[in-house]
Protein chains: 4
Amino acid sequence: MTMIEYRPEPGEFAWTFGGAAPVRNVKPGDVISLWTEDCFAGKVRTERDLASQVCEFPFLNPQTGPFYVDGAKPGDTLAVHFVSIEPAAPVGAATTLPFFGALTSDAYTATLQDPLPELVWIYELDNAARTVTYRAKSSDLTLRLPMDPMHGTVGVAPASFEARSALVPDSHGGNLDTPEMRAGVTAYFGVNVEGALFSLGDGHARQGEGEACGTGVEVAMNTVLIVDLIPGVATPWPRLESDTHLMSIGAARPLENAYRVAQVDMIGWLSELYGIDRMDAYQIVAQAALTPVAQVCNPIYTVTSKIAKSLLPNASAYRGSHARLREQARTAT
Amino acid sequence: MTMIEYRPEPGEFAWTFGGAAPVRNVKPGDVISLWTEDCFAGKVRTERDLASQVCEFPFLNPQTGPFYVDGAKPGDTLAVHFVSIEPAAPVGAATTLPFFGALTSDAYTATLQDPLPELVWIYELDNAARTVTYRAKSSDLTLRLPMDPMHGTVGVAPASFEARSALVPDSHGGNLDTPEMRAGVTAYFGVNVEGALFSLGDGHARQGEGEACGTGVEVAMNTVLIVDLIPGVATPWPRLESDTHLMSIGAARPLENAYRVAQVDMIGWLSELYGIDRMDAYQIVAQAALTPVAQVCNPIYTVTSKIAKSLLPNASAYRGSHARLREQARTAT
Amino acid sequence: MTMIEYRPEPGEFAWTFGGAAPVRNVKPGDVISLWTEDCFAGKVRTERDLASQVCEFPFLNPQTGPFYVDGAKPGDTLAVHFVSIEPAAPVGAATTLPFFGALTSDAYTATLQDPLPELVWIYELDNAARTVTYRAKSSDLTLRLPMDPMHGTVGVAPASFEARSALVPDSHGGNLDTPEMRAGVTAYFGVNVEGALFSLGDGHARQGEGEACGTGVEVAMNTVLIVDLIPGVATPWPRLESDTHLMSIGAARPLENAYRVAQVDMIGWLSELYGIDRMDAYQIVAQAALTPVAQVCNPIYTVTSKIAKSLLPNASAYRGSHARLREQARTAT
Amino acid sequence: MTMIEYRPEPGEFAWTFGGAAPVRNVKPGDVISLWTEDCFAGKVRTERDLASQVCEFPFLNPQTGPFYVDGAKPGDTLAVHFVSIEPAAPVGAATTLPFFGALTSDAYTATLQDPLPELVWIYELDNAARTVTYRAKSSDLTLRLPMDPMHGTVGVAPASFEARSALVPDSHGGNLDTPEMRAGVTAYFGVNVEGALFSLGDGHARQGEGEACGTGVEVAMNTVLIVDLIPGVATPWPRLESDTHLMSIGAARPLENAYRVAQVDMIGWLSELYGIDRMDAYQIVAQAALTPVAQVCNPIYTVTSKIAKSLLPNASAYRGSHARLREQARTAT
């Protein structure tokens, strides 16, 4: 086992999945300790830093990586286990942006209306107390919300010779923006190109479901992860496994399609894990799956299908990768 | 306080919200103990009872009611507090139906493909152990899932002189199919016509989010509820309040619109409860709201916006109706 | 053949399809000469008449009718042939309305943005020259556009005991808002209740595809139509036949579903007319159908599938109803 | 003026917009005579050639190009004028494909249903008579449809360092699949990278609106085009200009968003051309624009907004580029 430390230099970020040269080679089993910049490329620090003024499109959502995973080939599955995800700054920023977010017209849901006001909320982060503090602008209302750090963006190079903006999610992962991408979770991605070329970024100290305003509580992250490879096993859509849940993530518009993709993927997964036919798995999903909305603000929307392991018989997904990584995380740290 | 017992006679069900004559007059504060038939009108009892053969369209989703609430006027809010919802049969039925459900083409998502097989799963219900038992058809897999009884359909007569099929949800409530409509919850509906004319039905012993196959575990219910009226307070979309959460339900297609409606409604609610402007409430919702999908199978889809009271300062929604009804429920039963 | 003249008294309009008592009995073959009020109930006459101030919700889209067609039974098809549709006022009005229209957020595509300005454009109508004249507000730009009168709303009572607002289209017809509903066209509707109960209104002197601002050039109409009945022939979605085209109208959200419904219906129609299987009809539609958007502003959207008769062999749809009505129109007028 | 002849060698096709090296440098004013392969890479020639067997994903929609346009810079507009588009083979092929097309579930509108049958229809093309001949499989029905050759795919390299599959349309153009992309038309694209890097392919001898089955009548093409550059003029979404119409193309899901994007773009265009404010332009579009659906089968859908020049005062879009190119075409050929 190797511990790799990596902190990207200013010019070293990737802005796409696919089409960027790898920054490091890693091997299955390697532990990577890395730092990710926030989605604003570090430029929004106070309420006066309006992203539309201080950020330069398309230099948003800087990605740490990509990492070339030795031996990864199309048709394999890459497992990325998050050992820890910790805010690397004392405050996080959440903003509205002109024509971006779930509750405004945007580039696709195009209307003739004026944009919403562009505002920045600065949240104080307390890593010890595990809180993020919201302060209203129009009153003295203050809320201490639980810290729940996550990565909005994790993924691999896409198929079909594509390079996709880090602002977009799809079957390769990318800007999935699900709060389920937290420490303790193993994320599975189908490998599309040699070396998989995975990267990550867009840390949130917490995020509501749907990421309604277009951002979470955005913050740089110190993250430790372990990489694993499951050769010869394909993964059509991003999947997550925690100690308590199996999850599939669908990415599509309209939102019902993201739901459909996630649920159909979960049905395929359960069908295979338990040796039942798809109609039987459909019935389980219909009565037992949770389907939180992940985000409704990116160019493609995401929904998670989520089923509690406690409701299901024991099964070993991906040849026990999650349990093995969980154990390695315990001993490695 | 009056206790009203009501069990509809066979010919007494309503099939629409609006357009049906009231079966009883009730007063705010009345406790109603009633029985609801299952969505199949009781005709699916075994795996051989295919709804497409034994049910007669449009005689699906029979409603118990409507109840005329004395004094209710357009512009008021009707509160319906669920004291208890208990399965009234030893088994529940879940089915697939030709061209109905989230993971099949349907009357609107029209394709040229053949329908999925029509199948019935019979679940054994154990009210004491609070379990519903699933049995796979293609293997001996058996799952004991937690019982979590709810009403798929609750609502009032719609506005605009409309009568809507009990299979459809909209701003008047109706076939909302959210698992959040469980005992202990108070549902708020805007009153559109004199007497409000609320009715309910479509009990589920449990249901996954999205109601993917088109049904929950369908079963007749013995339900006790208390009616309250909040005069002069309008409610644009159905809202729920439990001891732990505030919830708004949006109904629309595509699914992102149901999400938007629910979140915008929640923003309006929080804005009013806490005296903050809408942008501040938007930010709270963006970082703190959960948005489980309710159903993706009816003619109009539903999403719930849900925020934990524990994250918010104390506030008294609807003049404290929920707390008062909760207390009344405790003493009444 | 009977000629029926009918001009509704002020209190005589219907505001729904279904749920309204018939104003007249008519027989298949009857010619009906009637007047329809405009969608604003006649209250928008100048640029200062803002609908949000002068109109009273839900008293919009007044319907002339319903007419009880003797002998019409569920399972039959009602044919309504438009002999003439002529503006009955010297000007028409088009408006924007707060949160209504295709290019603004609305009640379902809910956002937090401010509404667009509410404006009225008054068009001069010249029935002789067949023009409607647009005048810009921000410059002296004047456009003389071709007059192309149509009815936005035509339909029958819906199934399932429903009464639907005249603002909504669905399989029963209603607020379809397709510019194809013009003189010379025969509209076919499936009959859902005894007497069919058809009504119509919402005349437009012309309308762009999609009815982007939420209205056409709205005007009262003098309309002559002939009613026919095709017993024992079901019509699942509204269909139109002109001398040159066969058309099916789909109503659904999102808009791709309206497209799908229209195209699948057209495939069924061609398959039956020409005795070909559905895959062969699918191929014809794929290479030969036009699919103009009808409207993207009502609670349910509409798309028309349209195929030129000149591309197809001769066939006699609905037992030759259109040709017969066309001939009757010629001799009757 | 230079005449460039270019016929790609087998290994020389591009499979993406962006991310491919240019095959030729061209200058504004150059006439390019080129050949494009069909979308099946030439592998579907008979009814027995099933694409799912003979084609190799992702080697579909081979693009001729990209061409590097000397002097083109981000912020400029590239004009591509089609002088002629002529089928280069005696037959064209149209197919159904498993889980691809508008009237089947697909990778995004995911359902559990079986795919439709995979079928190939071979159309005889008669360039002289301008017909394409359809033959039903289930009967002897034969239809001679008008030939109307077009390119499904035309575009430039996208912004944001992306490379997009040639199967996908977006603001850079790509797989727009509108039948309006025919000879005599000038297409305008915003330039995102130096040299613009435009390419084209996917010829259709004709196509219905929506491309319902997932293909047009696919055929290799001999195409002559002229390139022009309008420096310093941005074009947010693809636009077309013919002798008779101005057109904007929106690409988005759901389909109403493609409609919205196209209409909002047209409003901006008219507003600028005629010096009127956006609300006045909105009103023109609302009453005068046509909005045919382009395609409902690709990962992103497309709708065209189309307005007749005859309804508008004379105006010179893009500094008269279309008229100039039209004149050059007349003299060049």
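Nothing in this text is a laboratory measurement; each read-out follows from the coordinates by a stated rule. These figures come from a predicted structure and were not determined experimentally. Cβ coordinates were reconstructed from backbone atoms using ideal geometry, including for glycine residues, and neighbour counts include every protein chain displayed.
Just one residue in the set C:225, C:229, C:200, C:255 is among the aliphatic types (A, V, I, L, M) and within 14 Å of chain D (Cβ to nearest Cβ); that residue is C:255. Starting from segment C:116-134, take each residue that is without any contact (Cβ under 8 Å) to a residue 60 or more places away in the chain and more than 10 Å from chain D (Cβ to nearest Cβ) and list its partners that are small (Gly, Ala, Ser) and in a strand (DSSP E or B), counting only C-beta distances under 9 angstrom and pairs at least six apart or across chains. Here the result reads C:124/C:92, each pair linking segment C:116-134 to a residue that is small (Gly, Ala, Ser) and in a strand (DSSP E or B). Restricting attention to segment B:65-75 and to residues that are of a type outside the set (Gly, Ala, Ser) and surrounded by fewer than 23 Cβ atoms within 10 Å (Cβ to Cβ), the residue that is farthest from the other protein chains (Cβ to nearest Cβ) turns out to be B:70.
Among the residues of segment A:199-227, those identified as more than 15 Å from the chain's Cα centre (by Cα) and surrounded by 24 or more Cβ atoms within 10 Å (Cβ to Cβ) are A:212, A:213, A:226.
Looking only at segment A:147-162, filter to residues that are within 13 Å of chain D (Cβ to nearest Cβ) and crowded, with 23+ Cβ neighbours inside 10 Å; which one of those is farthest from residue A:86 (Cα to Cα)? Within segment A:147-162, the match that is farthest from residue A:86 (Cα to Cα) is A:162. Residues in segment A:263-275 include at least one that is among the acidic types (Asp, Glu) and either more than 22 Å from residue B:92 (Cα to Cα) or more than 7 Å from chain B (Cβ to nearest Cβ) (or both).
Residue B:177 meets each of the listed conditions (1) within 14 Å of another protein chain (Cβ to nearest Cβ); (2) within 26 Å of residue B:75 (Cβ to Cβ); (3) of a type in the set (D, E, K, R) apart from (2).
Of the set (1) part of a strand (DSSP E or B); (2) crowded, with 22+ Cβ neighbours inside 10 Å; (3) away from chain D (no Cβ under 13 Å), all apply to residue C:86 but (2).
Scanning segment A:312-327 for residues that are more than 22 Å from the chain's Cα centre (by Cα), touching a residue at least 40 places away in the same chain (Cβ under 8 Å) and farther than 12 Å from residue A:246 by Cα turns up just one, A:319. So is residue D:109 touching a Cys at 6+ places or on another chain (Cβ under 6 Å) and crowded, with 21+ Cβ neighbours inside 10 Å or not? No; evaluated as a whole, the condition is false for this residue.
Within segment D:135-146, restricting attention to residues that are outside any loop (DSSP other than H, G, I, E, B) and within 7 Å of another protein chain (Cβ to nearest Cβ), the residue that is farthest from residue C:289 (Cα to Cα) is D:143. Summed over segment C:81-98, the residues that are more than 11 Å from residue C:221 (Cα to Cα) and among the hydrophobic types (A, V, I, L, M, F, W, C) give a count of 6.
When you check residue C:187 against the structure, is it over 20 Å from residue C:95 (Cα atoms), in a loop (DSSP other than H, G, I, E, B), more than 14 Å from chain D (Cβ to nearest Cβ) and among the aliphatic types (A, V, I, L, M), yes or no? Before you say what the answer is, go through the steps one by one.
Working: over 20 Å from residue C:95 (Cα atoms): yes; in a loop (DSSP other than H, G, I, E, B): no; more than 14 Å from chain D (Cβ to nearest Cβ): yes; among the aliphatic types (A, V, I, L, M): yes.
For residue C:187, the condition - over 20 Å from residue C:95 (Cα atoms), in a loop (DSSP other than H, G, I, E, B), more than 14 Å from chain D (Cβ to nearest Cβ) and among the aliphatic types (A, V, I, L, M) - is not met.
The set of residues in segment D:12-23 being away from chain A (no Cβ under 14 Å) and farther than 17 Å from residue D:191 by Cβ consists of D:12, D:23.
Reported count of residues in segment A:278-311, each being closer than 18 Å to residue B:135 by Cα and either without any contact (Cβ under 8 Å) to a residue 40 or more places away in the chain or in contact with a Leu (Cβ under 7 Å, 6 or more places away or on another chain) (or both), is 15.
With the condition kept exactly as written, say whether any residue in segment A:46-61 is more than 23 Å from residue A:17 (Cα to Cα), out of contact with any helix residue (DSSP H, G or I) (no Cβ under 7 Å at 6 or more places or on another chain), hydroxyl-bearing (Ser, Thr, Tyr) and in contact (Cβ under 8 Å) with a residue 40 or more places away in the chain.
First, pick out the residues of segment A:46-61 that are more than 23 Å from residue A:17 (Cα to Cα): A:46-50, A:52-54.
Next cut, out of contact with any helix residue (DSSP H, G or I) (no Cβ under 7 Å at 6 or more places or on another chain) only: A:46-50, A:52-54.
Narrowing further to those that are hydroxyl-bearing (Ser, Thr, Tyr): A:46, A:52.
Among the residues that remain, those that are also in contact (Cβ under 8 Å) with a residue 40 or more places away in the chain are: A:46, A:52.
Looking through segment A:46-61, at least one residue is more than 23 Å from residue A:17 (Cα to Cα), out of contact with any helix residue (DSSP H, G or I) (no Cβ under 7 Å at 6 or more places or on another chain), hydroxyl-bearing (Ser, Thr, Tyr) and in contact (Cβ under 8 Å) with a residue 40 or more places away in the chain.
Out of segment B:1-40, which residues are surrounded by 16 or more Cβ atoms within 10 Å (Cβ to Cβ) and on the phi > 0 side of the Ramachandran plot? The answer is B:18, B:19.
Just name the residue that is farthest from the other protein chains (Cβ to nearest Cβ) out of those in segment C:279-324 that are surrounded by 19 or more Cβ atoms within 10 Å (Cβ to Cβ) and of a type in the set (D, E, K, R). Selected residue: C:306.
Would you confirm whether or not segment A:37-59 contains a residue that is of a type in the set (Asp, Glu), assigned to a loop (DSSP other than H, G, I, E, B), closer than 21 Å to residue A:181 by Cα and in contact with a strand residue (DSSP E or B) (Cβ under 7 Å, 6 or more places away or on another chain)?
Residues of segment A:37-59 of a type in the set (Asp, Glu): A:37-38, A:47, A:49, A:56.
If we keep only those that are assigned to a loop (DSSP other than H, G, I, E, B) too, we end up with A:37-38, A:47, A:49, A:56.
This time we only want the ones that are closer than 21 Å to residue A:181 by Cα, so: A:37-38.
Then keep just the ones that are in contact with a strand residue (DSSP E or B) (Cβ under 7 Å, 6 or more places away or on another chain); that gives A:37-38.
For segment A:37-59, residues of a type in the set (Asp, Glu), assigned to a loop (DSSP other than H, G, I, E, B), closer than 21 Å to residue A:181 by Cα and in contact with a strand residue (DSSP E or B) (Cβ under 7 Å, 6 or more places away or on another chain): present.
Contact map, segment D:11-27: first residue under 11 Å from residue D:69 (Cα atoms) and in contact (Cβ under 8 Å) with a residue 12 or more places away in the chain, second residue of a type in the set (A, V, I, L, M) and buried (at least 21 other Cβ atoms within 10 Å of the Cβ), Cβ cut-off under 7 Å, separation 6 or more or different chains; pairs are D:22/D:197; D:26/D:32; D:26/D:69; D:26/D:227.
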